[in-house]
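The values are calculated or read from the model by the stated rules, or taken from the named source; none is laboratory data. From a predicted model like this one, the values you see are computed outputs, not experimental measurements. FYI the Cβ positions are ideal-geometry reconstructions off the backbone, even for glycines, and counts take in every protein chain you see.
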Amino acid sequence: MLHHTFSAPFDFAKTAAYIGRYENSQAHAVSGERFCQVLADEDGYYLVEVTPSGTEAVNARIVVGKESALRVDQLEHFLRRTFGSDDELLRFYEFAKPDVYLSKWTTEFRGLRLVGIHSLWECLSWSIIGQQVSVASAFAVRSRLALYCEAIVEWQGKVYEGFPAPYALLSLTPSELLRCGLSRQKGEYLQGLAQELCLGYLDESNFSGSDPEAMRARLIELRGIGPWSVEYAMMRVHGDADACPYEDIGLRNALAREYGLGRQATIDETKHITESWRPFRSYATFYIWYTLLKTP
C-alpha cells in the first residue's frame with residue numbers, strides 16, 4: 001500500500017466528485033470515500049483503490065493484479081498526476097485572495113485538487129472522442145471502447161472500465177470503431193495517435209519535463225489535435241499552471257453564469273476575463289468548471 005501525504009488543503013470528497021462526473025455506468029467506482037482506477041502496463045490491466053487517510057493523505061493499493069516494482073512506480077505517478085502540486089495550489093490560493101470571483105470559488109471549494117490525467121495517450125484520446133458531442137455521449141463511447149478492447153477488471157462482483165492501451169485500440173477495425181460510436185474520421189485520428197505512441201514518434205515519458213512551448217508545438221502537429229486539445233493536455237498532463245483552453249464551452253457557460261453575462265461568453269470575452277487569472281489560468285479554469293457540477 002502507498003501512503004500519499006499533502007501539505008496543502010485537501011478535500012477528498014470534492015475531488016472525487018469531479019473524478020466521478022457523468023460516470024453513470026461506473027457509479028460504483030467513485031464515491032466520497034474512495035475511487036477505483038484501472039491502470040495498464042505490459043502485463044495487462046489491473047485495478048487500484050484510493051481512499052482518504054484522515055484529512056491530509058490518501059492510501060492507494062492494488063486490489064486486482066500482481067504487485068511489482070514497475071506497478072508501484074506507476075501508481076506513485078498516477079497519484080502525483082491525479083492530485084497535482086501542493087506548492088502550486090498554495091500559490092494559487094494566495095493569488096486568488098484579492099479577486100472577488102477567485103476568492104469566492106477557492107473558499108467554497110477549498111481543498112479541491114486540480115485533477116490531472118496520468119496518461120498523455122488517454123488525455124489526447126479523450127479530447128478527440130469529446131469533439132462536437134455531449135460529455136455524456138463521450139463517456140458512453142469510452143465505455144464501449146473499454147468493452148471492445150477488454151480494458152476491464154472485475155472485482156467483488158462489479159466490472160471496472162479502464163482506457164484501452166494504444167496497441168489495443170490499433171487492433172480494432174474501422175467497423176468496430178464505428179460500432180463504438182466513433183465517426184470514421186475520429187477513428188482515424190485515434191489510431192493515428194496510437195501509432196505515434198507505439199512507434200515512439202511521440203514520447204510520453206518526456207512530456208512533463210519538456211519546455212511548454214516546445215510541447216505545444218509538437219502536439220498541434222498531431223492530426224485531430226487543435227488548440228483546445230493542446231491547452232487541455234498542458235493543463236491536465238503537463239501541469240502547466242497557466243494553460244487555458246479558452247475555447248471550452250463549459251468554461252464559457254460557467255463564465256456566463258458566474259459573471260452574470262446573461263448568455264454564453266464569447267471567445268474574445270473569455271480571453272479578456274481569463275487574462276486577469278495569469279499565471280494561474282489552469283487552476284482558475286478548473287475551479288470555475290467545478291461550479292458546473294452544481295448545475296442541474
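A few remarks follow.
- Only one of the numbered conditions (1) under 17 Å from the mean Cα position of the chain (by Cα); (2) among the acidic types (D, E); (3) part of a strand (DSSP E or B) is violated by E154, and that is (1).
- Test set (1) within 12 Å of W121 (Cβ to Cβ); (2) among the aliphatic types (A, V, I, L, M); (3) in a loop (DSSP other than H, G, I, E, B) - A241 fails condition number: (1)
- For region 31-77, a residue qualifies if it is within 16 Å of A16 (Cβ to Cβ), in contact with a Pro (Cβ under 9 Å, 6 or more places away or on another chain) and among the hydrophobic types (A, V, I, L, M, F, W, C), and exactly one does: V58.
Yes or no, residue by residue, for (1) outside the structural domain of F139 (by TED's automatic domain parsing); (2) more than 24 Å from R80 (Cβ to Cβ); (3) surrounded by 14 or more Cβ atoms within 10 Å (Cβ to Cβ); (4) out of contact with any strand residue (DSSP E or B) (no Cβ under 8 Å at 6 or more places or on another chain):
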{"site": "L172", "(1), (2), (3), (4)": "no, yes, yes, yes"}
{"site": "R184", "(1), (2), (3), (4)": "no, yes, no, yes"}
{"site": "L202", "(1), (2), (3), (4)": "no, no, yes, yes"}
{"site": "S205", "(1), (2), (3), (4)": "no, no, no, yes"}
{"site": "L219", "(1), (2), (3), (4)": "no, no, yes, yes"}
{"site": "V230", "(1), (2), (3), (4)": "no, no, yes, yes"}
{"site": "C244", "(1), (2), (3), (4)": "yes, no, yes, yes"}
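- Taking the listed residues Y246, Y283, the one that is aromatic (F, W, Y) and in a helix (DSSP H, G or I) is Y283, with no other qualifying.
- Yes/no for R216 being assigned to a helix (DSSP H, G or I), out of contact with any Lys or Arg (no Cβ under 9 Å at 6 or more places or on another chain) and over 30 Å from R184 (Cα atoms): no
- Residues that are in contact (Cβ under 8 Å) with a residue 40 or more places away in the chain, touching a Ser or Thr at 6+ places or on another chain (Cβ under 8 Å), farther than 17 Å from Y18 by Cα and part of a loop (DSSP other than H, G, I, E, B) within region 79-124 comprise just one, D99.
- Test: residue in region 104-124 that is touching a Pro at 6+ places or on another chain (Cβ under 6 Å) and more than 28 Å from A57 (Cα to Cα): no
- The residues in region 267-296 that are under 20 Å from Q131 (Cβ atoms) and either modelled with pLDDT of 95 or more or β-branched (V, I, T) (or both) can be counted, and the count is 4.
- Lone qualifier among S183, S205 - being without any contact (Cβ under 8 Å) to a residue 24 or more places away in the chain, closer than 17 Å to P166 by Cα and among the polar types (S, T, N, Q): S205
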